[in-house]
1. What is the distance, in nm, between label points placed 7 Å from the Cα along the Cα-to-Cβ direction at Asp255 and at Ala184?
2. Summing -39500 (n - 2.57) over the DSSP H runs of n ≥ 4 in the chain and dividing by its residue number, what mean residue ellipticity at 222 nm do you reach, to the nearest 500 deg cm²/dmol?
3. What is the mean projected area of the alpha carbon convex hull for the chain, to one decimal in square nanometres?
4. Roughly how many whole Å is it from the C-alpha centroid of region 145-191 to that of region 205-257?
5. Compute, for the chain, the length of the dipole vector about the Cα centre, with Cβ point charges of +1 (Lys, Arg) and -1 (Asp, Glu) only. Units Debye, rounded to 20.
6. What ranking do 86-96, 163-173, 123-133, 194-204 get when scored by the average of other Cβ atoms within 10 Å per residue, highest first?
7. Compute the distance in nm between two label points, each set 7 Å from the Cα along the Cα-to-Cβ direction, one at Ser31 and one at Phe52.
8. Which of Ala113, Ala39, Ala127 sits closest to the plus end of the dipole of the chain, meaning its Cα is farthest towards the positive end, when Lys and Arg get +1 and Asp and Glu get -1 on the C-beta?
Amino acid sequence: MTAVHLQEPGTLTVYGRAATAEWLRLRTVRSTWWCLLAAAVTIVGIGVIMAFDAENVTASGDLPPATAAGEFGVLLGQFALLVMVLLAVTQEYASGAIAPTLQWTPRRGVLLAARVTVPVLAAAVAAVLLAFVADVAAWLIADLSLSTGDVTDSLGRIAAVLVAGGVLAVGVGLFLRSTAGALATVFLLQLVLPFLLPAFGVQWMADLGELLPGSGAIWTLLGEPEMSAAQATTLLVGWSGVALVAGGWSLLRRDAG
């Protein structure tokens, strides 16, 4: 009797299945749509408010380009999208569904790749689309300048910030395995501490604040605080890389429970 040898599927095939499952899970849970709604209201709403404020500026005032509407909106609206990314990672640990997920995809490295790419790319695409809507709204309402070059540059920077922030969120979520803890950590690193530490007027606190990932994101979007593009890139890539290594180690080496 001839033995039948079943060939294991290749890595790309397994990744495709895992990514499809991640995408199905992401778009079928209610929290995803609530997060997208919150991001839309925040990003587009801030863009519209900024446009109406620009209309009231006197003729002698310097008007910003329309792309500033999307950039300011994303500065706050990104957190709704980062919550979406975090929940895609941490919900299974809270519900205990991580065990069957690992049985279905035993190659944890492939699962890690799918868990990083799908929610992070979804968040980045959503941010870019919503920022573009805010830019167009500002252009229509206040007749602010909107050139192809400005739009391309602005949306590219927004995508970079969301990819870096999303990878950071995935890494923190996988490492802490707690929605509340991961949310608090990402919120502190991305928004609270970069603004709070310099406000104390102590130099070492201000210097520490400039080393946080949120400072790199703020500079990339708004050009503040003073730092070079290389410094901002180093902050975004460095923090995201460290978080991903820590989260990847947690998924690959620690027990599911």
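What follows draws every value from the coordinates through simple rules; no lab data is involved. Quick caveat: nothing in here was measured; it's all calculated off a predicted structure. No Cβ is skipped: glycine too gets one built from the backbone with ideal geometry, and neighbour counts run over all protein chains shown.
1. So the two model labels end up 2.5 nm from each other.
2. -26500 deg cm²/dmol
3. Reported value for the Cα convex hull: 17.6 nm².
4. 9 Å
5. That gives the chain a dipole magnitude of about 1480 debye.
6. Ranked from most to least packed, the peptides come out as 163-173, 123-133, 86-96, 194-204.
7. Calculated label separation equals 3.3 nm.
8. Ala113
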